[in-house]
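Colleague: My questions will all concern the structure given below.
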Amino acid sequence: MNQKLFYSLVLVGCGALFFIPFLGGVRLFDWDEINFAECAREMIVLGDYLHVHIDFKPFYEKPPLFFWFQSTMMHVFGINEFSARLPNAICGIITLVYLYNLGQKLHGHRFGLLWSLAYLGSVTPHLYFRSGIIDPFFNLFIFAGLVNLIFASWKRERLSSMLLVPKSEWTYLLLGGFVLGLGIMTKGPVAYLIVCLVLLVYWMLSRFRWFITPLQFLAFSVAASFVSLVWYGLDIYLHGPALMSQFLAYNIRLFSTPDAGHIGFPGYHFIILLVGCFPASIFAIRAFGPLFIERNYQREFRRWMLILFWVVLILFSIVQSKIVHYSSLCYFPLTYFAALTLLQLEERKIQFNNWLRAGLMLIGGIYVVAIIGLPILAHHMDLVKSYADQDAFTQTNLDAKINWTGWEVLPGIWLFIILVVAIVWFNKREIARASVTLFVGMAVFITLTLWFFIGRIEGISQDAAMRFFERAQGQNVYVKTYGYHSYGPYFYTHKPAVTNPNYYNDDWLLRGRIDKDVWFIRKASEQPVLLDSLPDVKKTGAENGFVFYLRKANYTKSH
């Protein structure tokens, strides 16, 4: 077995070991995880795989590809959390192998391993492969599409050897366009927009040199459009332009106004990447400075990665909605830069300096203190409540009965040991040993933290509400949130398709002649709400920040 195949299989096993176990160990989280899983579930319930629905109404915000992946897993493993998250675990395995093989092409075997390790052992890149959100596949398709276009330009300009880019430039262009088209089918035309911005910036910085011809760019664009146009075109042919116009309107709104209350300061994504992509982010910063890179194509690829990083970061710093995963495409160039720094440290071309040491200690220290401090604070909840928001919902959320054993400090202690050992080995210039220790140790730390904390976090934030929804499974009732939005009432009630359109009329549910009981849930508040004043709505309980109500159907009147 050759070296490349052997290490690819090792990475498959490593990814499967870290990403697949315990995927169904905790409920999906509002909003995105439940939202996307519900879209896949409704495809199955309706038998309609051409359109995306939520609450059995058309959902124009996302194309269907990721929901096809999820619904396929649901057909095999059932409608549950494991099925909803499994596609991203598979995406994580594919990503590790892809980065190793791409890195091996560019800089050799060691670099490929370092790139995969940096992705595996950094916090948010790792976490995304254990989630049920769209972005891991979306980012991989964009990145692979761009890489193929880069290879096409190298082939055209004879920048690298036949061993590196053995296929024809047209093959790379069409393959890259097709893969980018899958990105468009995953989350929309922003995939194409990002790649076009990267190409535009590269073209301008290259003094308007045509690295691919206009005809080749057109062919790339047609290939990228082909996949999505098959779906969009079929829907327009069958149902008219409603889907396309609504989808475009949503994307324009996303860029111009804060979505779903997600607003933040302009430097939001800088902080997210620095802290969230630890420890790769610390090493990546060094690679923005001068490095000793021998071959032209290696310098060119670094240039492409710099452009990709800054285009994504600046674009989503401008976008009004500030959500963590909007800048997640930066994980590819960021971990690439980290691997460059680590390789140059191994080759003694640069030194492990005080800035790298301080960065590992500072950001790593934040994680250590947070993980050790949280279970300690949990035993002093009165103190926590005095500093938390004083609204009734937050205060009663914190009253959740969570069993804190004290063992929850173990991940923090583990990380402290890993950081100390890694820094000692970096100081002794045992870079290979230090790199493996740090990034594999971080992957273990993330896993331990999830084991100890994610269920308890869910217990505080949403467990009471989700149990309320689960009690409605199999019962002929309406379940409705009041005063806030959640996708929990759809997925966790196993909600059947809506047969009475009055269900969508809140006033009918509150005051009308309902045909079956309505279960209401709202967040706790200091002041009474309308539900408290309606004579036939009865409060049935309250728990951990949520208040529950029942309005019984008057069958005599309605029938």
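Colleague: Rounded to the nearest 0.05, what FRET efficiency do Val529 and Asn505 have when you use their Cβ-Cβ distance and R0 = 22 Å?
Modeller: Values: r = 18 Å, r/R0 = 0.84.
My answer for the efficiency is 0.75.
Colleague: Something else about it: Does the range 264-316 come out rounded, prolate or oblate by the C-alpha gyration tensor, with a ≥ b ≥ c the root eigenvalues, rounded set by a/c under 1.5 and, if not, prolate when a/b is larger than b/c and oblate if not?
Modeller: Oblate.
Colleague: Can I ask one more? At 222 nm, what value in deg cm²/dmol follows for the chain if DSSP H runs of at least 4 each add -39500 (n - 2.57) and the sum is divided by all its residues, to the nearest 500?
Modeller: -20000 deg cm²/dmol
Colleague: A follow-up question, please. Once R0 is set to 51 Å, what does the formula 1/(1 + (r/R0)^6) return for the Cβ-Cβ distance between Lys349 and Thr405, expressed as a FRET efficiency to the nearest 0.05? Please list the in-between numbers first.
Modeller: On the way: r = 47 Å, r/R0 = 0.93.
Efficiency at R0 = 51 Å is approximately 0.60.
Colleague: So how tilted is helix 65-77 from the main axis of the chain? Cα-based, degrees 0 to 90, rounded to 10.
Modeller: 70
Colleague: Find the accessible area per residue for the range 439-484; the probe is 1.4 Å, ligands and nucleic acids are left out, and the unit is Å².
Modeller: 38
Colleague: How long is the gain from Phe292 to Val76 if the chain were fully straight, where each residue apart is worth 0.36 nm and the alpha carbon distance is subtracted?
Modeller: So the chain would gain 72.7 nm between Phe292 and Val76.
Colleague: Going by amide H atoms built from the backbone, whose H comes under 5 Å of the H on Val479, apart from near neighbours?
Modeller: Trp519
Colleague: Using a 1.4 Å probe on the protein chains only, how many percent of the accessible area of the range 56-107 belongs to carbon and sulfur?
Modeller: Reported share for carbon and sulfur atoms: 66 percent.
Colleague: Taking all protein chains together and a probe of 1.4 Å, list Lys428, Lys155, Lys401 from the most accessible to the least accessible. It would help to have the intermediate numbers written out before the result.
Modeller: On the way: Lys428 130, Lys155 50, Lys401 185 Å².
Sorted by accessible area, descending: Lys401, Lys428, Lys155.
Colleague: Within the range 396-419, list the residues whose amide N lies under 13 Å from a label point set 7 Å along Cα→Cβ of Ile376.
Modeller: 409-410, 412-413
Colleague: Okay, moving on. How about the range 279-339: which trypsin sites (Lys or Arg not before Pro) there lie in a loop by DSSP and see at most 14 other Cβ atoms within 10 Å?
Modeller: Answer in residue order: Arg295.
Colleague: Using alpha-carbon pairs under 8 Å, 6+ residues apart, how would you state the relative contact order of the range 58-127 in percent?
Modeller: 17
Colleague: Shifting gears a bit: By how many degrees, 0 to 90 and rounded to 10, does the Cα axis of helix 81-107 deviate from the longest principal axis of the chain?
Modeller: Long axis of 81-107 versus the principal axis of the chain: about 10 degrees.
Colleague: Here's something else I'd like to know. Sorted by packing (mean other beta-carbon atoms within 10 Å per residue), highest first, where do 135-141, 490-496 land?
Modeller: 135-141, 490-496
Colleague: If Lys and Arg each add +1 and Asp and Glu each add -1, what is the summed charge of the other residues whose beta carbon sits under 15 Å from the beta carbon of Leu534?
Modeller: +3
Colleague: OK, next. Going by average Cβ density within 10 Å per residue, which order do the peptides 440-448, 22-30, 182-190, 115-123 take, highest to lowest? Spell out each step's value before the answer.
Modeller: Values: 440-448: 20.4, 22-30: 18.9, 182-190: 23.1, 115-123: 27.7.
Listed from highest to lowest mean packing, they are 115-123, 182-190, 440-448, 22-30.
Colleague: Additional query: Skipping prolines and chain starts, which residues have an amide H placed within reach, meaning under 5 Å, of the one on Val537, given they are 5 or more residues away or on another chain?
Modeller: It is none; the list stays empty.
Colleague: At 7 Å along Cα-to-Cβ for each site, give me the label-to-label distance between Asp536 and His494 in nm.
Modeller: The answer from the label model is 2.9 nm.
Colleague: Could you give the accessible area per residue of the range 56-107, probe 1.4 Å, as a whole number in Å²?
Modeller: With all protein chains present, the range 56-107 gives 33 Å² per residue.
Colleague: Follow-up question, since we're still on this one. Can you tell me how the chain classifies by the Cα gyration tensor, rounded, prolate or oblate, using a/c under 1.5 as the rounded cut?
Modeller: Since a/c reaches 1.5 but b/c is at least a/b, the shape of the chain is classed as oblate.
Colleague: While we're here: Rule-of-thumb check for the range 76-123: C-alpha Rg over 2.2 N^0.38 Å?
Modeller: Output field value: 1.45.
Colleague: What angle, in degrees between 0 and 90 and rounded to the nearest 10, separates the Cα long axis of helix 135-157 from the longest principal axis of the Cα atoms of the chain?
Modeller: For helix 135-157, the angle is close to 30 degrees.
Colleague: A further question follows. List the lysines whose Cα sits under 28 Å from the Cα of Lys401, skipping any in the same chain fewer than 8 residues away.
Modeller: Correct list for Lys401: Lys385, Lys480, Lys523, Lys538, Lys539.
Colleague: Would you mind working out the accessible area per residue for the range 155-234, using a 1.4 Å probe, and quoting it in Å²?
Modeller: 50
Colleague: Another question, if that's okay. Rounded, prolate or oblate: which one fits the range 444-559, using the alpha carbon gyration tensor with axes a ≥ b ≥ c (rounded when a/c is under 1.5, else prolate when a/b beats b/c, else oblate)? Please report the intermediate quantities before stating the final value.
Modeller: Working: a/c = 2.92, a/b = 1.81, b/c = 1.61.
Note, shape of the range 444-559 comes out prolate.
Colleague: Relative contact order of the range 433-559: what whole-number percent is it, with Cα pairs under 8 angstrom and at least 6 residues apart?
Modeller: 22
Colleague: Would you mind telling me the share, in percent, of accessible area of the range 361-426 contributed by carbon and sulfur at probe 1.4 angstrom?
Modeller: Carbon-and-sulfur percentage of accessible area, whole number: 74.
Colleague: Note the full-extension length gain between Leu215 and Phe6 as 0.36 nm times their separation in residues minus their Cα-Cα distance, in nm to one decimal.
Modeller: Difference between extended and current length: 71.2 nm.
Colleague: With an 8 Å cut-off on Cα pairs and a minimum separation of 6 or more residues, tell me the relative contact order of the chain in percent.
Modeller: 14
Colleague: Sorting check: for 224-231, 54-61, 497-504, 327-334, which peptide has the highest mean count of neighbouring beta carbons within 10 Å, and how do the rest follow?
Modeller: Values: 224-231: 18.4, 54-61: 16.2, 497-504: 11.9, 327-334: 26.8.
My ranking of the peptides, most packed first, is 327-334, 224-231, 54-61, 497-504.
The values are calculated or read from the model by the stated rules, or taken from the named source; none is laboratory data. The structure displayed is predicted, hence computed values, not measured ones. With ideal geometry, Cβ positions are generated from the backbone for all residues, glycine too; neighbour counts draw on all protein chains shown. These area figures cover heavy atoms from the full protein model, side chains too; ligands, DNA and RNA do not enter into them. Shrake-Rupley method; radii C 1.70, N 1.55, O 1.52, S 1.80 Å.
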